[in-house]
Amino acid sequence: MLFHERALDVWAKLDWETNEFKGRISSAPPIDIDGCVYLLQSACISAVAVIDWLRHDLQQAAGGAGTVLDEGSFRLEVDVWLPDLSLARAIANTFKHREYRDEGWGAAEARLITLFEPEQHARLDATHGTDRFSEAFAEEAAEATFMIAFGRKEDRREVNAIDFMQQLSAGALRLLDANPPDDDRLFKPPADSSARRGNPR
């Protein structure tokens, strides 16, 4: 149980993290925000691992068939099913290396958005500008729901965290389904063999 053998096993972990995250972020307040962040980080690591494991499986299968994996075609296939993988990879690498590592997301930021109900807004409005506001905000926030969103300063695009997690899980599964290791669609002849064919001795 401590070890995985296939990319699909890693996807199962990603899917569990996604469902657990959705359940926690959608639960009645107070929400375990720290737990949600941990799940988000772990899901990003899992998504990157699914890609790395699939690449390894395909490379092994290609080698067994006397061919090589076409890395360009593989990257295009990943982009089709996981268009926001660069964000997941940036989060995973930042967690791994203790500093922000970007791979296409630029100056990315993660924000925790507090979602107040209309009656909560009314109570906060009543204390706005008074000494009571900070205390009132803390009380209302303890009963609020939250959304974790990601954004890029360059284009102000936001990705809702739940949507992001679900897309990672669904996209990773579709990528695995579309590219089983016994499918040679992404294989190509080794460069040296094509050179030999073009220059017979």
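The values are calculated or read from the model by the stated rules, or taken from the named source; none is laboratory data. Quick caveat, the model's predicted, so the values are computed rather than measured. Cβ atoms come from the backbone with ideal geometry, glycine included; neighbour counts cover every protein chain shown. Ligands, DNA and RNA are excluded from the accessible area calculation, which covers all protein heavy atoms including side chains. Shrake-Rupley method; radii C 1.70, N 1.55, O 1.52, S 1.80 Å.
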**Those residues of segment 117-171 which are of a type in the set (Phe, Trp, Tyr) and open to solvent by less than 20 Å² (accessible area, probe 1.4 Å), in sequence order** = PHE150, PHE164
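From the list ALA62, ALA43, which one is closer than 19 Å to ASN19 by Cα and either buried (at least 18 other Cβ atoms within 10 Å of the Cβ) or in contact with an Asp or Glu (Cβ under 9 Å, 6 or more places away or on another chain) (or both)? Break it down stepwise before answering.
Numbers: ALA62 fails: closer than 19 Å to ASN19 by Cα.
After applying the criteria, what remains is ALA43.
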**Asked** Looking at segment 17-56, which of its residues are over 13 Å from the mean Cα position of the chain (by Cα), assigned to a helix (DSSP H, G or I) and within 30 Å of ALA144 (Cβ to Cβ)?
**Response** ASN19, GLU20, LYS22, GLY23, ARG24, ILE25, ILE33, ASP34, GLY35, CYS36
**Asked** Tell me, which residue of segment 70-116 that is open to solvent by 50 Å² or more (accessible area, probe 1.4 Å) and at pLDDT 90 or above is farthest from the chain's Cα centre (by Cα)?
**Response** GLU71
**Filtered residues of segment 1-60 (kept if in contact (Cβ under 8 Å) with a residue 24 or more places away in the chain and among the charged types (D, E, K, R))** = ARG6, LYS13, ASP15, GLU17, LYS22, ASP57
